[in-house]
Amino acid sequence: EEQVLGNREYARGKKLEQALEQEQPAAAGGAPAAISNQVKWAVLAFLIFQNSGASLLMRESRSGGQWNSQTAVIMQEAIKGVLCVGLLLRSGGVKALQESLTLSSEAIKTSVPALLYLFQNNMQYVAVAYLDASTYAILYQLKILTAALMSVLILQRSLSLMQWGALVLLTAGASVVIVSQMSSGGASTAQDGGSIIYGVVAVLMACLASGLAGVYFEKLLKGSTMSLWARNLQLAVYSLLVGFGSLYQSSGVDAVGQDFFKGYNGFVWASIINNALGGLLIAIVIKHADTIMKNFSTTLSIVVTTAASTMMYGTPVNGMSILGTALVIYAVFLYGGMTGYSTVAGLLGRK
């Protein structure tokens, strides 16, 4: 049984994949139509672009000026909510929209992952203020560890010996990256007076929230007949209510009024749109992406992010950071049960 990766996009994608498989006509002999290599490579390119863009755009947006990251999280949820409203109206009309917004026990259950995701998104923006993009991208893979542990504790799943070994390698690789960055001081100048420790703590808290929320959200999706877009709309509504309340309490009335967009620039908007649309688009394209491709895209996005971070910000690269990155990348593949030639052959569509 495939293990949950622990993020909301994965849970969305699996749910949508099941729905699309029921609607997709089968090819001759009852087998699903084969996915062309052109489509597979296009999906791979999109996943790399989205994953790399998330780290780089958030990092660049935080270095471009002073603005309130809470407002960015609120805008992400607002965009997702508007899109979900449109999708619900298209698929089920006004009735489907009314049902999704009706206060019920199912709707109240959605508040738990909504609060966790809101906390996770805020911690991500805190992390990139102290860490360079490549270090953040690598450490954020620890969400696999937290998701696996939560799935064992909450969903009573069992992991193979190879998967436990992969989690050990993942933790070791992330630790090596942290040590390499602390020894080189590469991330300590990300913000005046900042420290890599603050960034690491923020990433770990984001990963913990991601793992817990992802497993809880998966349990909600599997135990209910409510549509995927209705759940996502509920997530957005709860996030907006809590987000605006928290913003008002911490920054006052001006923050929710005339100063809401203060300090915004093109990179801030690009980061908001990428994060908002990324999850919903991934839920669609994941239909054409198998486990090999998803993990391969994670690997390449780490490489792309590291290269871009080195060129744009002068992020130091040394032997320890390369070793830690390699361990994290290998752990991602090992956790998915993929090693050796079969992984490359599967990606290329060869037998």
Handout entry: Zone residues, region 206-228, relative to residue 175, backbone N less than 11 Å from point 7 Å out along Cα-to-Cβ
Key = none
Exercise for the section: List, in the order given, every pair from 222/262; 109/262; 40/262; 143/222; 219/262 whose Cα-Cα distance in the structure shown is over 31 Å. Expected result: 222/262; 109/262; 40/262; 219/262
Exercise for the section: Give, in nm to one decimal, the length gained when the segment between residue 78 and residue 101 is fully stretched (0.36 nm per residue of separation minus the Cα-Cα distance). Expected result: 6.8 nm
Exercise for the section: Would you mind computing, in nm to one decimal, how far apart the modelled labels at residue 157 and residue 183 are, each placed 7 Å from Cα along Cα→Cβ? Expected result: 3.5 nm
Completion exercise
Here region 93-105 yields Karplus 3J(HN,Hα) values (6.51, -1.76, 1.60; θ = phi - 60°; whole Hz; Gly and Pro given as x) of x, 4, 4, 5, 5, 5, 5, 5, 9, 6, 6, 8, 4
Exercise for the section: Alpha carbons only, please: Rg and Dmax for region 135-276, in angstrom. Expected result: 18.9, 55
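Values in this text are rule-based calculations from the coordinates and carry no lab data. Predicted model only: the values in this text are computed from it and were never measured. Every residue, glycine as well, gets a Cβ built from its backbone with ideal geometry; the counts of neighbours run over all protein chains shown.
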